[in-house]
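Note sheet for the following structure.
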Amino acid sequence: MSLAELSNIYGFCLCPEYDNTPAMQVDGEDEYAPIPSIPDPYDDDKDSVASIPLGDTPEPRPVPEPRPARVSRSAPAPRSALPLRQKRPRCSLMRMPLEIRDEIYRNILVVNPPILVRAGWKRIYARKRPGIEIDIMCTNQTIYHETVRILYGENRFLYRLRDPPNPGQVVNVEDLSLDDSRDADIVSEPDDGASDSDDDAFNPSDCQEDADPEDSNQRELSDRIDITKFGGFFRRLIVEAERNRYSDMTQMAMAEAIKVFTVQPGFLAKACSGGVKTNIQTFTILVAPQIRTDTFTFVDFFKKDSPVLEAIKSLPCQCVKIDLITKCLNGGKDPKIARLTIDMRHLRFSQYAARQKSGGQRDCWRQDLWRNDRSILMQRRQNAKRSATALLQLENHVLSACNKYVVPEVIQRHREELDEEMMDWESEDDVHEGDYEEVRLGFDDDEQEV
């Protein structure tokens with residue numbers, strides 16, 4: 001029996017009522033149970049209806065977004081075609097603004113107490129060095145030019161009249177007792193001086209603060225100031241005559257100290273009598289008057305014909321300050337400093353205009369744009385006259401200030417007893433700082449209360 005015949009017999013035996021012929025199939029929905037809505041986990045066919053119950057509307061399935069096509073990686077570009085990465089600039093001092101650099105220089109080179117000098121502004125006291133580190137000035141030429149104006153322009157220089165007198169100046173042997181200079185044993189050597197053409201030249205030998213202290217020659221160089229080369233950078237200068245130095249010799253020494261920066265009538269160039277091109281802002285004269293039988297000490301320093309006043313008249317500065325220490329006048333009860341401030345700007349300009357008008361080296365002076373304006377010239381003459389009048393009356397102002405601060409107790413004391421009592425009040429090396437009571441002379445009416 002063939003295999004086909006056996007299959008037919010086997011099918012009829014199991015299901016005799018079942019017939020696969022189309023005639024045996026019954027049409028109708030009530031004849032069969034609904035297809036169960038059980039999803040087939042193995043069926044990946046999206047259009048399969050086996051998992052959808054009959055009579056329900058199939059919900060639309062979200063269509064997933066197509067995956068982005070993979071970009072094939074290309075071969076890397078050669079190194080020669082790649083742009084070079086710019087290196088980050090180094091943090092350097094010269095990349096900072098000039099204002100920031102100036103503040104850095106001030107923190108290094110500027111000291112609060114004045115720098116003590118002697119020997120005609122050319123030497124620093126060996127035992128009173130300011131302790132300024134000037135290593136930064138020796139870096140390069142640019143930093144040298146930026147720091148030299150800070151070092152000499154921002155610091156104050158105090159010249160105490162303690163220099164030993166020259167042999168030709170010794171008139172009275174008793175004056176030698178006033179010479180108590182600690183550096184008198186050091187012989188002052190003449191300065192070679194640099195020419196004006198060397199002002200802008202960077203010379204590392206100017207930086208001598210790092211010299212070996214055991215080497216006396218190097219130490220002498222570190223204590224010097226080339227006044228001809230660096231005097232033009234000075235802005236604030238102080239000359240002090242201590243309370244026991246009120247002799248005629250001290251008066252002449254003070255006049256000589258001022259004349260280093262004054263312009264004499266015969267000089268038509270910008271340089272002063274000492275060979276220094278100056279642009280001084282304030283020049284201060286510091287004295288400590290004491291009462292005497294009929295007057296006060298240091299008042300004769302400011303007389304009309306005194307050498308000190310003659311030197312002040314030729315001083316090219318903006319203002320002159322006369323500081324009177326009142327400690328010896330009121331017995332130390334109210335230690336203030338009486339300040340007399342004189343406006344020298346108009347007098348300085350009138351001297352400049354007179355030198356320009358007199359002829360000479362006209363190329364060295366700028367032409368005055370207002371030289372033909374009568375109103376401006378009249379105003380200038382009035383301002384200069386006001387400053388000149390203040391200088392002529394300076395003796396009276398100093399005497400009035402002394403009378404204002406002196407107390408009756410001090411007047412009644414004997415001057416010798418007063419001198420002995422004052423000896424222990426202060427050290428000779430103290431820098432006088434305190435409250436100021438200022439009187440402004442020679443200023444405009446609008447500037448009197450400034």
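Quick notes on this structure:
- Whichever residue in segment 102-135 is farther than 19 Å from Ile227 by Cβ and modelled with pLDDT under 90 and, among such residues, is surrounded by the most Cβ atoms within 10 Å (Cβ to Cβ): Pro113
- Ser400 being surrounded by fewer than 10 Cβ atoms within 10 Å (Cβ to Cβ) and modelled with pLDDT of 90 or more: no
To keep it simple, each residue is scored yes or no on (1) of a type in the set (Gly, Ala, Ser); (2) at pLDDT 90 or above; (3) part of a loop (DSSP other than H, G, I, E, B); (4) out of contact with any Ser or Thr (no Cβ under 6 Å at 6 or more places or on another chain).
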residue: Ala271; (1), (2), (3), (4): yes, no, yes, yes
residue: Gly275; (1), (2), (3), (4): yes, no, yes, no
residue: Thr282; (1), (2), (3), (4): no, yes, no, yes
residue: Leu286; (1), (2), (3), (4): no, yes, no, yes
residue: Pro289; (1), (2), (3), (4): no, yes, yes, no
residue: Asp294; (1), (2), (3), (4): no, no, yes, yes
residue: Asp300; (1), (2), (3), (4): no, yes, no, yes
residue: Ala311; (1), (2), (3), (4): yes, yes, no, no
residue: Gln318; (1), (2), (3), (4): no, yes, no, yes
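- Residue within segment 365-372 that is among the aliphatic types (A, V, I, L, M) and surrounded by 12 or more Cβ atoms within 10 Å (Cβ to Cβ) present: no
- Of residues in segment 136-161 being of a type in the set (Ser, Thr, Tyr) and farther than 15 Å from Asp223 by Cα, the one surrounded by the fewest Cβ atoms within 10 Å (Cβ to Cβ): Thr142
- Looking only at segment 231-264, and only at residues there that are in a loop (DSSP other than H, G, I, E, B) and of a type in the set (A, V, I, L, M, F, W, C), the one that is nearest to the chain's Cα centre (by Cα): Phe234
- Residues of segment 311-340 satisfying the condition of being closer than 26 Å to Asp444 by Cα, among the charged types (D, E, K, R) and out of contact with any helix residue (DSSP H, G or I) (no Cβ under 7 Å at 6 or more places or on another chain): Lys321, Asp323, Arg339
- Enumeration of residues in segment 141-180 that are of a type outside the set (A, V, I, L, M), over 15 Å from Pro114 (Cα atoms) and at pLDDT 90 or above: Gln141, Thr142, Tyr144, His145, Glu146, Thr147, Arg149
The values are calculated or read from the model by the stated rules, or taken from the named source; none is laboratory data. It should be emphasised that the depicted structure is a prediction, and the values quoted were computed from it without experimental measurement. In this analysis, Cβ positions are derived from the backbone assuming ideal geometry, glycine residues included, and neighbour counts consider all displayed protein chains.
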